[in-house]
Amino acid sequence: MIDPFGRRISYLRVSVTDRCDLRCVYCMAEDMTFLPKAQILTLEELDRLCGAFIGLGVERIRLTGGEPLVRRDVMRLVRSLGERIGAQGKQGGGLRELTLTTNGTQLTKHAEGLYAAGVRRINVSLDSLDPGRFKALTRWGDIEKTLDGIFAAKAAGLAVKINAVAMKGVNEDEYDRLIAWCGEHGFDLTLIETMPLGEISEDRTDQYLPLSLVRRRLRETWTLEETDYATGGPARYMVVKETGRRLGFITPMTHNFCESCNRVRLTCTGTLYMCLGQEDAADLRAVLRDPSVDEEGLRAAIEAAIARKPKGHDFVIDRRHNRPAVGRHMSVTGG
Ligand code: SAM
Ligand code: SF4
């Protein structure tokens, strides 16, 4: 699949649920209303759609959410997708990698199953190592549960990358500690700029911290070396010489990463977003549930959507009204 700007689309992010057992302040409002079940694709429908994407050249799938591991029986989908790893797609290629982004709360239960299904790397979100701060940021979280999950993943043989959202005045004094902690336990770390997605109760302009500034500050303590390592995701990596671990930066606000964008996002309702930062989307659920549409028709609908992939996002915070540029929450589109 090649989009109108010559970018090959090989990476699919699938949000398997909009629900979550946490309420991170930058991601969700505390009183979120979630989608009714009838609107949500079944695990079989998600599997069929993923199969169509793989047939069209998708090589990497990342399951996300909401919290992917709170969806009932999600491991059935993980196992079924895992079985496709290494099998050839119709246009050659085939699925090379299945990964997951999780808040870690259910990992003590599922880490071994993930590894057995063929998952080899996961991202776990952890914005703070301070129990009180972690609680304040996640509203409902307990850091011990997340840490137990992270160590269960490590014990199961999964490579763990920690994701931390960088927030001004909230966790900006913790990056040195996070780098050292990740180094100690053998985890890579990625810092993410906050993105203006969805209405939340805080003021986004107060939280925004440019990572260019963070990187300058980190260089006072750490030796950051260039590397050409890339995962197919949007992070730009450096190696921290002192720990030997990678440090990634996801900078949608300060650096426009759109020119190398290779991904599209599928929500749990079967809506395909061709860009995280734009409203245009394709309703694949209607296609999927139309009995007159066969596999060929489904593939044609996906190809028609890819042909509409926009050149890039346009994240701006509407400062005057303090409104996000994109109305839907990250938990809907999937991080
Ligand atoms: N629940 C899982 C988790 O927390 O990892 C997966 C879904 S979550 C939406 C995916 C990632 O998006 C997390 O790393 C989270 O920190 C990040 N995220 C959520 N809202 C964000 C925002 N407004 N700006 C930047 N990152 C955000
Ligand atoms: Fe849930 Fe992840 Fe959003 Fe936090 S960032 S509320 S864990 S979906």
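The values are calculated or read from the model by the stated rules, or taken from the named source; none is laboratory data. Every value quoted in this text rests on a predicted model; they were computed, and no experiment measured them. Note that we place each Cβ from the backbone using ideal geometry, even for glycine, and neighbour counts take in every protein chain shown. All accessible areas refer to the heavy atoms of the entire protein, side chains included, with ligands and DNA or RNA removed. Shrake-Rupley method; radii C 1.70, N 1.55, O 1.52, S 1.80 Å.
Residues of segment 11-46 that are surrounded by 18 or more Cβ atoms within 10 Å (Cβ to Cβ) and either away from ligand 2 (no atom under 14 Å from the Cβ) or assigned to a strand (DSSP E or B) (or both): Tyr11, Leu12, Arg13, Val14, Ser15, Ile40, Leu41, Leu43, Leu46. Is it fair to say Ala156 is open to solvent by 10 Å² or more (accessible area, probe 1.4 Å), within 27 Å of Leu63 (Cβ to Cβ), of a type outside the set (Ser, Thr, Tyr) and in contact with a helix residue (DSSP H, G or I) (Cβ under 9 Å, 6 or more places away or on another chain)? Yes: the conditions hold for Ala156. Within segment 47-78, the set of residues being open to solvent by 50 Å² or more (accessible area, probe 1.4 Å), in contact (Cβ under 8 Å) with a residue 24 or more places away in the chain and not in a helix (DSSP H, G or I) comprises Arg60, Asp73.
Taking each residue of segment 183-196 that is within 16 Å of ligand 2 (Cβ to nearest atom) and looking for partners that are charged (D, E, K, R) with beta-carbon atoms closer than 8 Å, six or more apart or interchain, yields Thr190/Lys161; Thr194/Arg204; Pro196/Arg204. Screening Gly183 on (1) loosely packed, with under 14 Cβ neighbours inside 10 Å; (2) at pLDDT 95 or above; (3) among the small types (Gly, Ala, Ser) shows it passes everything except condition (1).
Show the residue pairs meeting these rules: Cβ distance below 6 Å; 6+ apart or different chains; first residue within segment 103-122 and modelled with pLDDT of 95 or more; second residue away from ligand 1 (no atom under 15 Å from the Cβ) and assigned to a loop (DSSP other than H, G, I, E, B). What qualifies is Ala111/Ala156; Glu112/Ala156; Tyr115/Ala156; Tyr115/Gly157. Scanning segment 248-304 for residues that are hydroxyl-bearing (Ser, Thr, Tyr) and out of contact with any strand residue (DSSP E or B) (no Cβ under 8 Å at 6 or more places or on another chain) gives Ser260, Thr269, Ser292. The residue list Leu129, Leu98 contains one member that is under 16 Å from the mean Cα position of the chain (by Cα) and more than 10 Å from ligand 1 (Cβ to nearest atom), which is Leu98.
Of all residues in segment 192-244, those satisfying the criterion of being farther than 30 Å from Arg120 by Cβ, modelled with pLDDT of 80 or more and among the charged types (D, E, K, R) are Arg216, Arg217, Arg219, Glu220. Of all the listed residues (Leu98, Leu81), the sole one being out of contact with any Pro (no Cβ under 8 Å at 6 or more places or on another chain), part of a strand (DSSP E or B) and open to solvent by less than 10 Å² (accessible area, probe 1.4 Å) is Leu98. Would you please name the residue that is modelled with the lowest pLDDT, looking only at residues in segment 245-277 that are over 19 Å from Thr231 (Cβ atoms) and of a type in the set (Ser, Thr, Tyr)? Of everything passing the filter in segment 245-277, Thr254 is modelled with the lowest pLDDT. Listed by position, the helices (runs of 4 or more DSSP H) contained in segment 106-188 that have at least 3 residues being farther than 19 Å from Thr243 by Cα are 107-117, 131-138, 143-155. Taking the criterion of being of a type in the set (S, T, N, Q) and away from ligand 1 (no atom under 16 Å from the Cβ), the residues of segment 1-50 that qualify are Ser10, Thr33, Gln39, Thr42.
Okay, residues lined up against (1) within 23 Å of the chain's Cα centre (by Cα); (2) within 16 Å of ligand 2 (Cβ to nearest atom); (3) open to solvent by 50 Å² or more (accessible area, probe 1.4 Å); (4) not hydroxyl-bearing (Ser, Thr, Tyr):
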| residue | (1), (2), (3), (4) |
| --- | --- |
| Leu211 | yes, no, no, yes |
| Met238 | yes, no, no, yes |
| Thr251 | yes, no, no, no |
| Cys268 | yes, yes, no, yes |
| Ala282 | yes, no, no, yes |
